[in-house]
Amino acid sequence: MDLQQSDKEIKAQSAASSDGSIWANGDYARPQVIENRPDELDCDVVRFQNNKDKWVAFVGLLDGRPYEIFTGLQDDEEGIVLPKTVVKGKIIRQTNPDGTHRYDFQFENRRGYKTTVEGLSDKFNPEYWNYAKLISGVLRYGMPIDHVVKLVSSLSLNDDNINTWKNGVVRALKKYVTE
């Protein structure tokens, strides 16, 4: 692909594939990078098990393509409590009075009432949070989903617990890979 092509030319020659990537003249072109994250993103909820612990992944979607991922324990005490029927919702970015950001998850129950789980980031182990931030950064800049899955799969982590978490993240992202 000619690196001097304008975005208009690329868009005119491109067709979006089902995984949200764009192909122009047989070459991969990254999806457009959004400088500022939208305040709300649609979200898929994917549950997985890490050893004996039940986890939940929130996959934020921009134009139907994974844009970010958050993961946390599903428990009644300090973790995230969600009805099993919740499979979709929204990730909402809130600005705190001190200027920092937090991420909330909002879903609609069967009766149409909205429920918000505030402070997703406060419910995460900092080590898992840092890995999720790294994976989200790669997603935001448009790496093809199958490459993100390969990248995460190839991480060599020292702890068995975080390796099983990594496998859960891979399973969550694999559902967006199209062949």
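Laboratory data are not the source of any read-out in this text; all were calculated from the coordinates shown. Because the structure is predicted, anything quoted here is derived from the model rather than measured. Note that each Cβ is placed from the backbone with ideal geometry, even for glycine, and that neighbours are counted across all protein chains shown.
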>> Regarding region 33-50, can at least one residue be identified that is without any contact (Cβ under 8 Å) to a residue 12 or more places away in the chain and under 23 Å from Thr100 (Cα atoms)?
In response: yes
> Quick one: how many residues across region 154-168 are farther than 16 Å from Phe48 by Cβ and outside any loop (DSSP other than H, G, I, E, B)?
Replying inline: 1
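Determine, yes or no, whether Gly60 is surrounded by 21 or more Cβ atoms within 10 Å (Cβ to Cβ) and among the small types (Gly, Ala, Ser).
Here the answer is yes, as Gly60 does meet what is asked.
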>> Give me the residue from region 76-96 that is hydrophobic (A, V, I, L, M, F, W, C) and assigned to a strand (DSSP E or B) and, out of that set, nearest to Phe48 (Cα to Cα).
In response: Ile91
>> Could you check region 66-114 and list, in sequence order, the residues that are closer than 24 Å to Lys133 by Cβ and polar (S, T, N, Q)?
In response: Thr71, Gln74, Gln94, Thr95, Asn96, Thr100, Gln106
> Inside region 100-154, can you point out the residues that are hydroxyl-bearing (Ser, Thr, Tyr) and crowded, with 16+ Cβ neighbours inside 10 Å?
Replying inline: Tyr103, Ser121, Tyr128, Tyr131, Ser136
